[in-house]
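Enquirer: Have a look at the structure that comes next, please.
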Amino acid sequence: MAFQPRFGIQPCLSVGIFYSGLYLLENIISFSKLYYYIMFLRTCKVFFDKK
């Protein structure tokens with residue numbers, strides 16, 4: 001092999017895992033925000049319908 005795996009592969013893998021973890025975390029946070037927003041709108045709708 002031309003390249004050394006211990007030098008080439010390991011940082012790429014760790015950086016890739018780190019970024020995918022961040023991406024997943026961000027998606028989960030935004031999804032939960034969206035979910036809470038929808039639930040908030042639903043409860044408001046129910047509240048206004050009861051009046």
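Enquirer: Condition (residue is modelled with pLDDT under 80 and assigned to a loop (DSSP other than H, G, I, E, B)) applied to the stretch 3-26: is it met by at least one residue?
Expert: yes
Enquirer: Does any residue in the stretch 21-40 that is at positive phi come within less than 9 Å, Cβ to Cβ, of a residue that is at pLDDT 90 or above and surrounded by 10 or more Cβ atoms within 10 Å (Cβ to Cβ) six or more places away or on a different chain, and which pairs are these?
Expert: none
The values are calculated or read from the model by the stated rules, or taken from the named source; none is laboratory data. The shown structure was predicted, so the numbers you read here are calculated from the model rather than taken from an experiment. For neighbour counting, all protein chains shown are included, and Cβ atoms are generated from backbone atoms with ideal geometry for every residue, glycine included.
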